[in-house]
1. Just to confirm the number: angle between the C-alpha axis of helix 137-152 and the first principal axis of the chain, 0 to 90 degrees, nearest 10?
2. Given only helices, namely DSSP H runs of n ≥ 4 each adding -39500 (n - 2.57), what is the per-residue ellipticity at 222 nm of the chain, to the nearest 500 deg cm²/dmol?
3. When the chain is fully extended, how far beyond the present Cα-Cα distance does Phe552 get from Gln168, taking 0.36 nm per residue of separation?
4. When averaged across all projection directions, what area in nm² does the alpha-carbon convex hull of the stretch 549-602 cover?
5. Of the labelled options (1) 27.2; (2) 31.3; (3) 45.5, which one gives mean projected area of the Cα convex hull in nm² as computed for this structure?
6. Holding the Cα-Cα limit at 30 Å, pick out from Lys199/Lys527; Lys401/Lys462; Lys145/Lys378; Lys423/Lys521; Lys72/Lys378 the pairs that are longer than that.
7. Taking only C-alpha pairs under 8 Å that are 6+ residues apart, what is the relative contact order of the chain in percent?
8. Measure off, as a whole percent, the carbon and sulfur share of the 1.4 Å-probe accessible area of the stretch 164-204, all protein chains present.
Amino acid sequence: MKGKGIIQFFAIALVLVSIYQLSFNFITSGVERKADEYAESRVLLGKTIESLLPGDKTKAKLVEDSLRSALKKYRLQYLDSVSNENVVDLGIVSFTYQKCKDQQLNLGLDLQGGMNVILQVSMRDLIRSLADNSTDETFIKALDKADERQLKESQKDYVSLFIESYKQIAPDAKLATLFATKDNAERIKYNSSDADVEKIIREEAANAFDRTFNILRSRIDRFGVTSPGINAQASTGRISVELPGVDNPLRVRRLLQASAKLEFWETYSATELYPVLDNINKLIAVRVTNTTNNDSTKSTTDSTTLKGETALQGEKSLQDTSALSGNSTTKSDSTALAQKQQTENPLFALMYVPNYKDEASGKDMVANVPEVGYVLGKDTSKINRYLSYDFIKNSIPRNIKFVWGAKPVEGTKSSYALYALKKQNNSDEAPLDGSVVTQARNDINQNNTVEVALTMNAEGAKTWRLLTQKNKDRFIAIVLDDQVRSAPRVNEEIPNGRSSISGSFTQEEAKDLANILQTGKLPAPAKIIAEDLVGPSLGAESIRNGIQSMLFAFLAILGFMVFYYNTSGLVANLSLLFNLLFIIGILASISATLTLAGIAGIVLTMGIAVDANVLTHERIKEELARGSALIKAVNDGHTRSYSAIFDSNLTTLLTGIIMAYFGMGPVLGYATTLNIGILMTLFTAVF
């Protein structure tokens, strides 16, 4: 054969590369076995899980879950501690555990468990933003109709649905009247044609989708998941995300859906805002008193008194402040007195107002803190409903914006703080936002608590200096996605553009928050519309079944070839072994992910590879039957079977390429292994 030396060199190189790539899997497996042993030694101390489980099934399940959680915790601790340590040192080159992990052949979602999420990028919010959040009735109706049609006509893009809906509702209206805003002044004029406006909307929609996709990809890359998969479907505005090995759905939801809208607001203290709350309380009380007894009872059925089931009672050592509203109650109060309290003080029956006892007068005084009230989580919706009433909104000064805290108050389980932000010139825009943040990182402060440290650009540093100078000895709320993360007191002017966000973070939460802020704000919100969590037990079963199917198919083919072709069958089996080694080695080399569908592709490849050998051997048998000498029969058999082998493999390869180009998820995994397998089949079977 011509070029025999080149073929031999190429074959040896492929073998060495494949072994080199697969060696990383063995190395990481060894480290992870040590991590498992370390975790078991820390948690079980020589005992088995079964010996620690009580007889009661419910208690046994709780104990088992606790032990599993502890095992996972110590396993991760061990792996984190060795992630940057050399686990392989060859003298000229060394590899840390993390580098080995990055180089190894990764398993897909269906093999090791994890989470699959589909996000819908909200083009509605983007279009509303382009129209400066217009409240035009026709505009809102068109958006609502586009939402309805999107559910039925999923193949059409949202911009087309909106424009068609708008034209149906208002045929004579011009799009420019909606989108010729101050922010769009340079591109859209009041006399711009609908075609020009539509072109700009489409450009903005495409750019927003691409930016959202890239930001989400950056967040996922920083999340620490090995070989995540993220694919865009621009036509439907959807993004598919696969996170192998993830078992914390709540963390994933927070990471993917956070808009990262960071704002810095001046706040009112509880002392300043109490008169406003007292007035709201009186207005609601008048409304409740004027309703029928039935309506009154219905509206206060699940209300609570200030003492007994108050927002912080039993959770935080704060005392009853009912004196602030002129009522003092005890746990022994009768139902009638409790209902009277709820009728006379409907707001304060749900809200705890922070206070202290004045030593001079002995009276309860409202505290000078940024939290204007504390409310049980189950009652926050009722407070929101109170604040949404028109007669209440009209009584609240226009420069006040109420916002809830993001997490339960420290030391409690389910109580949330209410904050009152100070608007500037009645604007909903914050004095400072996250666009000025240039760096965000998780850190440990001087009090040994976790925080997220922020660094601002020059413009942000200047505004931050003025803001902190103006609010010395007052509070500034740090708001993320319309929830207060923290509201620190300003002790002095901050001139260097540095700040921090604290708030009872775990290291994991702080890392995720820093990740979200560092990658930036989503130009268009993304909401999870479907998710699927694959447990590790199902993944383990899939691996077992997949390997068994591949092994059985492999053994069956090996046996058939030896039985039917004798010595030639052994040669064919040897090429089949090399074929399998090359496929897995190349998958690892290109950082591909092996999925269950990929295993199916490998099994099919083995069948195709044998088919090539069968064609060759049958052709050789034909030549021998014609009386050709053995060496001539072998040469002619190979030469004359090439065309059939190439035809059958190339047509399959063409199909595989089309599947890989258009397919996603399992289809892409199947097509990838199939295409690699066909190329390796041509190499091993022919050469």
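1. Value to nearest ten degrees: 30.
2. On the way: 23 runs with 369 residues, N = 687.
When only DSSP H runs of four or more count, the value is -18000 deg cm²/dmol.
3. Numbers: separation 384, 0.36 × 384 = 138.24 nm, distance 6.18 nm.
Difference between extended and current length: 132.1 nm.
4. 3.7 nm²
5. Entry (3).
6. The answer is Lys145/Lys378; Lys72/Lys378.
7. 16 percent
8. Working: 1240 of 2520 Å².
Solvent-exposed carbon and sulfur of the stretch 164-204 make up 49 percent of the total.
The values are calculated or read from the model by the stated rules, or taken from the named source; none is laboratory data. Bear in mind that the values here come from a model prediction, so they are computed numbers and not experimental data. Using ideal geometry, Cβ is built from the backbone for each residue, glycine included, and neighbour counts are taken over all protein chains shown. Areas reflect the complete protein model, heavy atoms only, side chains present, ligands, DNA and RNA absent. Shrake-Rupley method; radii C 1.70, N 1.55, O 1.52, S 1.80 Å.
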